[in-house]
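Structure first, commentary second.
The values are calculated or read from the model by the stated rules, or taken from the named source; none is laboratory data. All figures in this text were calculated on a predicted structure; none of them were measured in a lab. Every residue, glycine as well, gets a Cβ built from its backbone with ideal geometry; the counts of neighbours run over all protein chains shown.
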Amino acid sequence: MRIPFRSFAAALALLTMPVQAQQAPPTPVARTLVAAPDVPRPALWKVADADTTIYLFGTIHALPKGIDWLDGPVATAFDSSGELVTEIVQSSPEEMQSLVLGKAIQPPGQSLRAQLSTTDRAAFDKAMTSFGLPVNAFDRFEPWYAAIALATLPIVKGGFDSDHGVEAVLDARAKALSRTHTGLETAEYQLGLFDSLPPAVQRKYLREVIDDMPGIRTELETIVAEWKQGHADRLAELMNEDEDDPAMVAALITNRNRNWAGWIKSRLDQPGTVFIAVGAGHLAGKDSVQEFLGKAGIVAARVQ
């Protein structure tokens, strides 16, 4: 089961979570470099030349309350940076609603459930009723949107919240330090990645989300545990190893990692220090950002 988490990493926060800019800035924390075994130490890398330093940090977009990870080398790297760069800069609820209506709504006369096989429709209806939702609640929406929305339900029920996620914390701290915050992509672009998937791929995606829903919370808890320990390769395996649809892999992982590596290569031509924070599954394993950087002759050194 990986597809729910890839969607979670790419677009879940865009569609279902509160606006992150309203979160209060976090309280500054100690910069202890030697950690106790239970202190989170997620992975951090650095790319540098004579006058530019770019940190690469893998994120979890929603976390339970109480994980104090902004410490040690990560905090030092962030506070020394003049710019925060994330996948996107969060849009307002009104902007997101407009984007969703433009991307996710079925054409007039079409219904999501009518497009599903008898078996898939029965499984979909069962999943909806298990969360107390009307079976036709997503009938106006395309399958990709229903898949993302369904994948969020056990996660939110399990206490995960984007208000406690990495991007929210970093955005708040950037504001507190008067740092620039820019995005590698836009919300419209990310939603468009899902909207552009062929209908058959979208239906397969929805079917796999429904099949995997009972284990989503446990799987995410495992992912968070590996992230806290800085096990980047294991984390990439958990998030990406079972991806087997070429269209989704290309759209949501490979092409984006290649683009981001190109952005980093270009950014090295400008002096300064930048802190880049993107979904943790993009920063290890096959076709990772670091692998594309390596092909361009750029070394990403592990800092933590």
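Worth pointing out:
- Verdict on Leu177 being modelled with pLDDT of 95 or more and touching a strand residue (DSSP E or B) at 6+ places or on another chain (Cβ under 8 Å): no
- Single unsatisfied condition, Asp211 versus (1) under 25 Å from Trp69 (Cα atoms); (2) surrounded by 14 or more Cβ atoms within 10 Å (Cβ to Cβ); (3) not β-branched (Val, Ile, Thr): (1)
- Elements of type helices (runs of 4 or more DSSP H) contained in the range 104-192, each with 1 or more residues being out of contact with any helix residue (DSSP H, G or I) (no Cβ under 6 Å at 6 or more places or on another chain) and either more than 30 Å from Asp68 (Cα to Cα) or of a type in the set (Ser, Thr, Tyr) (or both): 118-130
- For the condition among the aliphatic types (A, V, I, L, M) and modelled with pLDDT of 90 or more, Leu116 qualifies.
- Residue within the range 172-183 that is free of Cβ contacts under 8 Å to residues at least 40 places away in the same chain and over 19 Å from the mean Cα position of the chain (by Cα) present: yes
- Ala236 vs. criteria out of contact with any strand residue (DSSP E or B) (no Cβ under 7 Å at 6 or more places or on another chain), at pLDDT below 95 and closer than 17 Å to Phe57 by Cα: yes
- The set of residues in the range 263-284 that are without any contact (Cβ under 8 Å) to a residue 60 or more places away in the chain and small (Gly, Ala, Ser) contains only Ser266.
- Conditions (1) under 27 Å from Asp38 (Cβ atoms); (2) surrounded by fewer than 16 Cβ atoms within 10 Å (Cβ to Cβ); number of the one not met by Gln304: (2)
For every residue, the table says whether it meets (1) of a type in the set (D, E, K, R); (2) modelled with pLDDT of 95 or more; (3) under 20 Å from Ile60 (Cβ atoms).
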site: Ala232; (1), (2), (3): no, no, yes
site: Ala250; (1), (2), (3): no, no, no
site: Ile253; (1), (2), (3): no, no, yes
site: Trp260; (1), (2), (3): no, yes, yes
site: Ile264; (1), (2), (3): no, yes, no
site: Pro271; (1), (2), (3): no, yes, no
site: Gly279; (1), (2), (3): no, no, yes
site: Gly297; (1), (2), (3): no, yes, no
site: Ala301; (1), (2), (3): no, yes, no
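- Extreme residue, farthest from the chain's Cα centre (by Cα), among residues of the range 92-108 that are surrounded by 13 or more Cβ atoms within 10 Å (Cβ to Cβ) and touching a residue at least 24 places away in the same chain (Cβ under 8 Å): Gln106
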